[in-house]
Amino acid sequence: VIGDVRDTALVARPLRPYRRVLAAAPRYLAPHGTPDHPDELAQHSCLAIRYWRHADSWHLGGPAGEACVVPGAGRFTANEGGALRSAAAAGAGIVLQPEDAL
């Protein structure tokens, strides 16, 4: 489950911690540039999961270890990670995904 569990008959527990990474295709980065800092993501098309509880923002660590909260929505959202990966591979924008999903 990604997001809040609304059915009180269900119990949700994290299975394991995971690391998320930002990824984009060269065909997106070539015309738009590669962000050097999380704050620069506000100028990019970020591909977001629709039903994640933080769908409107990404909580990231900056290069100096500082906490950064940046907009996490762009021209495409989906409720399935594979669709976001496909969109990113096609050059639609930058995606935030679990490291082992890429």
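The values are calculated or read from the model by the stated rules, or taken from the named source; none is laboratory data. Keep in mind the model is a prediction, meaning the values are calculated, not measured. Don't worry about glycine lacking a Cβ; one is built from the backbone with ideal geometry, like all the others, and counts go over all protein chains shown. Protein only, heavy atoms only, side chains kept; ligands, DNA and RNA dropped before computing areas. Shrake-Rupley method; radii C 1.70, N 1.55, O 1.52, S 1.80 Å.
Could you give me the residue pairs with C-beta distances under 8 Å whose first residue belongs to the stretch 64-88 and is under 17 Å from LEU29 (Cβ atoms) and open to solvent by less than 40 Å² (accessible area, probe 1.4 Å), whose second residue is part of a loop (DSSP other than H, G, I, E, B) and at pLDDT below 85 wherever it lies, and which are 6+ apart or on separate chains?
LEU84/PHE76; ALA87/PHE76
When you scan the stretch 27-40, do you find a residue that is open to solvent by less than 20 Å² (accessible area, probe 1.4 Å) and touching a Phe, Trp or Tyr at 6+ places or on another chain (Cβ under 6 Å), even just one? It would help to see each step written out before you state the result.
As a first pass, look at the stretch 27-40 and keep what is open to solvent by less than 20 Å² (accessible area, probe 1.4 Å): 28, 38.
Retained after the next criterion (residues that are touching a Phe, Trp or Tyr at 6+ places or on another chain (Cβ under 6 Å)): none.
Among the residues of the stretch 27-40, not one is open to solvent by less than 20 Å² (accessible area, probe 1.4 Å) and touching a Phe, Trp or Tyr at 6+ places or on another chain (Cβ under 6 Å), which makes the answer no.
Please note which strands (runs of 3 or more DSSP E) are completely contained in the stretch 1-87 and include at least 3 residues that are at pLDDT 85 or above. Spell out how you get there, then give the answer.
Details: elements: 20-23, 46-49, 57-61, 67-71.
Counting at least 3 such residues, we get 20-23, 67-71.
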